[in-house]
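Only one structure is covered here, and it is reproduced in the block below.
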Amino acid sequence: MEKVRRLTIVVLPLFLALAPAAAPQSFSPAPEVYRALASISADSLRGNLSFIAADLLEGRDTPSRGLDIAALYIAAQFRRAGLEPVGDDGYFQTAKMLRIVPAADGFELRMQSGSRTLTVSREEITVVSLRPLELSGAPVYKIADSGDVRGKVVVLDHPGSAAFQPAAFLEMADDYSAQGVPRLIDADEEWARFGGLPRLIVRDPEAVKLLKEAKAGETGITVSIQLPAPTATPVTVRNVAGLLRGSDSALREQYILVTAHYDHLGLSGGGAVFPGANDDGSGTVSAIEIAQALARLRVHPKRSIVFMTFFGEEEGDLGSRYYTCHPLFPLSKTVADLNLEQVGRTDSRAGPEISNATLTGFQYSTVAHTLQQAGALTGVKVYADPNGDDFFDRSDNQTFAEHGIPAHTIAVAFEFPDYHATGDVWQKIDYGNMAKVDRMIALGIVMLADSPDAPRWNRENPKVGRYVKGR
Ligand SMILES: [Zn+2]
């Protein structure tokens, strides 16, 4: 799970979730399904996680050799399960990214609002650009998409021009502590989403305040930018994907994604490993375990199921964004994403979470109700966490939701004591509980895959409007 999302401007009123009525027991899984669920084992999860979160993988930073070794291991486990390789290179979806390193000198950013001038230093900004930029006194135009908590500032180079072409995008970050680390970009995605225009993500608190307080449209602010050409270095990273092909001749053309991110934070400045066992080694080994269980079924579930682990979630959902820009299966035929995160630790800050699981955006779609039914059959209470909606945009499910796909992150504990710390080690995981929760998830996947109706958004919920639009 990512630390803080950029651009959280609007604090939405808490949507108090009401648990749906007790799950009807109309669905009764075949004995073969229960045998498959029984194959999900605490020992197997422990074995896999002791590798994924091992110190030798050095925290699985994006990119790093440790990340690549983890990808190889996941691919080997998908192969062992008998999933179909559906990447461009076996189970790998190869992403050719660019690492952008801004020039060391010559950067300048000045903002002017009335008589006030603000200078933003190089350290207070992340530059996403493949080309140089020179602007002098360009007016700032603020786009505030209704219902969207993200705001963007577009800088115009032709004031008053009707068919304006923005010269650049300014974005506001609200995580002041983040460092201006060089980040990876997918050049195709930058073109698709931003027309290849330079983007500057501003962290300077004064500048962020100024932009946030500016009214939408013409802000009266002007900006001058000197941005020398950055250097771009090619970097290869991988998503790992395997397919369990559906058994129904019609429904197999629809896809349910079961996802997790296999990257983590790498090493601390002092060289200590961030093992990321719960975040998100636990989701990664759960995806493997569920894949191995469901692949045992003589007759596969009706819809196709894609098991996939992503790079770069901790850097801003890079792997899932790469996937949606280069999908292996049509997004229009992708009916749900079940993203697994932090399913291993039961020592939640909210108290012990034994035989419990929750999902973000509980009331956003019909998925939660299905998982509650699966929980009733496997002894797991699937409940609405009062803060669950706040975590909706903090993992890869958000990427799919933005494309209109009902997508949730399933977790046992949103907050746990070693979050993003060196103490997130595999020895602290509750493997028995994780196996139980994984059985619930596996059964939920079967139910979703076999249901005549695909999952759908709860359109009456005002918070899903922006996602329904993506469809
Ligand atoms: Zn995280």
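Key figures for this structure:
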read-out: Ellipticity estimate at 222 nm from DSSP helix runs (n ≥ 4, -39,500 (n - 2.57)) divided over the chain, nearest 500; value: -7500 deg cm²/dmol
read-out: Relative packing of peptides 249-258, 102-111, 298-307 - highest average C-beta neighbours within 10 Å first; value: 298-307, 249-258, 102-111
read-out: DSSP-defined antiparallel bridges as percent of all bridges, the stretch 170-312, nearest 5; value: 40
read-out: Counted charge near Ser41, where neighbours are those whose Cβ lies closer than 15 Å (Asp, Glu -1; Lys, Arg +1); value: +2
read-out: Solvent exposure, largest accessible area first (probe 1.4 Å, DNA, RNA and ligands not counted), of Trp426, Trp191; value: Trp191, Trp426
read-out: Overall form of the stretch 386-471 per C-alpha gyration tensor (a/c, 1.5; a/b vs b/c); value: oblate
read-out: Distance (nanometres) between label positions extended 7 Å along Cα→Cβ at Ser41 and Glu415; value: 3.8
read-out: Span-like helix ranges in the chain, DSSP H, alpha carbon extent 20 angstrom or more, Kyte mean at least 0.0; value: 65-81, 431-450
read-out: For Asp337, residues with placed amide H under 5 Å, excluding near neighbours; value: Leu257, Ala407, His408
read-out: Relative contact order of the chain, pairs being alpha-carbon contacts under 8 Å that are 6 or more residues apart, as %; value: 21
read-out: Among the listed pairs Lys3/Lys142; Lys3/Lys469; Lys96/Lys428, those beyond 30 Å (Cα-Cα); value: Lys96/Lys428
read-out: Relative packing of 220-228, 443-451, 459-467, 406-414, which averages over residues the other C-beta atoms within 10 Å, highest first; value: 406-414, 443-451, 220-228, 459-467
read-out: Using θ = phi - 60° and Karplus 6.51 cos²θ - 1.76 cosθ + 1.60, couplings along the stretch 405-416 (whole Hz; Gly, Pro as x); value: 8, x, 8, 9, 9, 9, 9, 9, 9, 5, 10, 9
read-out: Highest to lowest packing among 358-366, 58-66, 123-131, scored as the average C-beta count within 10 Å; value: 358-366, 58-66, 123-131
read-out: Distance from the stretch 244-267 to the stretch 281-310 (C-alpha centre basis), Å; value: 7
read-out: From phi via Karplus (6.51, -1.76, 1.60), per-residue ³J(HN,Hα) for the stretch 97-108 in Hz, x at Gly/Pro; value: 9, 10, 9, 9, 10, x, 4, 5, 10, x, 7, 8
read-out: Whether the chain is rounded, prolate or oblate, judged on the alpha carbon gyration tensor where a/c under 1.5 counts as rounded; value: prolate
read-out: Residue-level accessible surface for Asp88, protein heavy atoms, 1.4 Å, Å²; value: 100
read-out: The stretch 239-394: C-alpha gyration tensor shape, a/c 1.5 cut-off, then a/b vs b/c; value: oblate
read-out: Rounded to 5, percent antiparallel among DSSP beta bridges of the chain; value: 70
read-out: DSSP-assigned coil residues among GluC sites (Glu not before Pro) in the stretch 328-422, each with at most 15 further Cβ atoms within 10 Å; value: Glu415
read-out: Part-to-part distance (alpha-carbon centres) for the stretch 181-240 and the stretch 78-131, which is given in Å; value: 8
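The values are calculated or read from the model by the stated rules, or taken from the named source; none is laboratory data. The structure presented is a predicted model; accordingly, all values stated were derived computationally and were not measured. Note that we place each Cβ from the backbone using ideal geometry, even for glycine, and neighbour counts take in every protein chain shown. These area figures cover heavy atoms from the full protein model, side chains too; ligands, DNA and RNA do not enter into them. Shrake-Rupley method; radii C 1.70, N 1.55, O 1.52, S 1.80 Å.
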